[in-house]
1. Among the residues of the stretch 134-154, are any among the acidic types (Asp, Glu) and in the same structural domain as Leu22 (by TED's automatic domain parsing)?
2. Of the residues in the stretch 164-189, how many are among the hydroxyl-bearing types (Ser, Thr, Tyr) and free of Cβ contacts under 8 Å to residues at least 40 places away in the same chain?
3. Go over the candidates Leu274, Leu294, Leu383 one by one and state the one that is away from the ligand (no atom under 15 Å from the Cβ) and under 17 Å from the mean Cα position of the chain (by Cα).
4. Just for the stretch 114-130: of the residues that are within 16 Å of the ligand (Cβ to nearest atom) and assigned to a loop (DSSP other than H, G, I, E, B), which one is farthest from Gly376 (Cα to Cα)?
5. Is it the case, given these coordinates, that Arg332 is assigned to a helix (DSSP H, G or I) and outside the structural domain of Pro169 (by TED's automatic domain parsing)?
6. Select the helices (runs of 4 or more DSSP H) contained entirely in the stretch 157-270, then report the ones holding at least 3 residues which are surrounded by fewer than 17 Cβ atoms within 10 Å (Cβ to Cβ) and not assigned by TED's automatic domain parsing to the domain that holds Thr387.
7. If you check every pair at least six apart or on different chains, which have Cβ atoms under 7 Å apart with a residue in the stretch 52-69 that is within 15 Å of Gln40 (Cα to Cα) and within 16 Å of the ligand (Cβ to nearest atom) first and a residue that is at pLDDT 80 or above and outside any loop (DSSP other than H, G, I, E, B) second?
8. Take residues that are at pLDDT 85 or above and farther than 25 Å from Val288 by Cα and tell me which of the helices (runs of 4 or more DSSP H) falling wholly in the stretch 389-444 contain 2 or more.
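The values are calculated or read from the model by the stated rules, or taken from the named source; none is laboratory data. All values reported here derive from a predicted model rather than from experimental measurement. Methodologically, a virtual Cβ is constructed for each residue, glycine included, from the backbone with ideal geometry; neighbour enumeration extends over all protein chains shown.
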Amino acid sequence: MTRHVVVVGAGPAGLGAAAGALRAGARVTLVDAAEEPGGQYHRAPPAAFGAARPGRPHHRWRGFERLRDRVLGHPRCDWWPESAVWSLERAGQGPPHVHVLRGEADGAERERHVLRPDALVLAPGAHDRVLPFPGWELPGVCTAGAAQALVKGERLVIGDPVLIAGSGPFLLPVAASLLEAGATVLGVLEANTAATVARGWAARPWGLAPEAGKAGELAGYAGLLARHRVPYRTGRAVIGARGDGRVEEAVTARLHRDWSVVPGTERTVAVDALCVTHGFSPQLELPVAAGCRLRGDARAAFTEVDAGQRTTVPGVYAAGEITGIAGAPAARAEGLLAGWAAGGGDPGDRAAAALRRRRDQARAFARRLAAAHLIGAAWPGWLRPDTIVCRCEETAYGTLLRAAEGTAAGSPRAVRLATRAGLGPCQARVCGPTAAELLGDRAGGGHHRPVAQPIRLGELANPPVEDPDKKESAR
Ligand SMILES: Cc1cc2nc3c(=O)[nH]c(=O)nc-3n(C[C@H](O)[C@H](O)[C@H](O)COP(=O)(O)OP(=O)(O)OC[C@H]3O[C@@H](n4cnc5c(N)ncnc54)[C@H](O)[C@@H]3O)c2cc1C
């Protein structure tokens, strides 16, 4: 009988997984909460916009279009857009049952479905991480990823002029997109010092050869910044934002290698918007719900996989940013491998061996990036007692510290319960790694969320829709 593989996420990893499973001969249901496939990297405006050139601000758009059309047009592929996986229900020794809500996220007509696949590939990606600083909760301060998503998905600029700050090469495509969309970019600030960045990139230079394409992409961004006279500064960060009701000024400062502020180097810059990102956090609620083991600690945890992208749960595979932050090409290679294995493909296949080499090269490149763009340990020195750490519950840094030193001492969980940090609507997706770091909590992190996506009580009460394939939906 043909194997049924469910793939969650249609970004580079999920589309790759669907292609791999189809090639292995499986039947695929590809599920994504978004209207269009592509994930974060190839986020496109909704078809209703009728964009003449939907691939305009994108790299590798042609390749994406070819893969998308091949997967979505395949007779064994069932594409479920606007379909959010809100829960995974463990089912004995096999892969978990997949609970899906189909329909517009804010619509009233969403239908509940349950899928019972032979194998499950999880590829839900990551969201960008931002460290708190005084004033980061002001309107007009956003993550660089949010600014990028607005340009790519809605053709909107977040503000003008805009300052971009944080850490990592991701700041460069965001600056490029904003410039191409017509905004004035006042500067790009990389918090790591030039020495840290150079040491990370220059280590074992022969390892850069297979990634010549990436180097070319970076050179393209550098050229664009130069043409628009946008300064790129290392060792400088945004440590505060000020304004009456919305951001009007950014406070920047020079940093030491450990990200402590060099006294007397504070400057203010008038801005209309401020985009800040310090790397990415994987979306781990689905792998945790499936029972997959994680590696790392609460501040940087990822799904553990073997060479064939198998997780520790039989029949469950993982690919993309949930296994490590390594960029879109690595995510696609991991997805192809995961899908191939999930679909019952032969691990000794020559194409699979080539893919494993490609994935391993991309992962080595990612390790280089991580060394060049790390998070300095002294960043909490930017905080004041009244700086908000958890935006949902408005928990201030001082409140967190007082709880950690008072009755809740020694138990990060008790501190969270006492201060409500991480217990609001985002369920610690934004503040979780920050609170873990501030509380010295290496074990916590709060990825356990039985409900991965919001579901209304009425929707929960409705019985699941009967699909033609009874095996998938009968409950
Ligand atoms: C906001 C943002 C913007 C980015 N922009 C760029 C960029 O411009 N250039 C660049 O080089 N890199 C960018 N990156 C990094 C880039 O996302 C990754 O390198 C790459 O896209 C990872 O691929 P992925 O398939 O693992 O995840 P993603 O591309 O994130 O795809 C994950 C998909 O899973 C879906 N999903 C998640 N949870 C569920 C669920 N419960 N149910 C159903 N569907 C779900 C999402 O809707 C999404 O489509 C960005 C990252 C972020 C977070």
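1. Checked against the condition, which is being among the acidic types (Asp, Glu) and in the same structural domain as Leu22 (by TED's automatic domain parsing), the stretch 134-154 yields no hits at all.
2. Qualifying residue count for the region: 1.
3. Step by step, each of Leu274, Leu294, Leu383 is checked, and only Leu294 is away from the ligand (no atom under 15 Å from the Cβ) and under 17 Å from the mean Cα position of the chain (by Cα).
4. Pro117
5. yes
6. So the answer is 194-202, 212-227.
7. Pro57/Val151; Pro57/Lys152; Pro57/Ser177; Pro57/Glu180; His59/Glu217; Arg68/Leu15
8. 397-405
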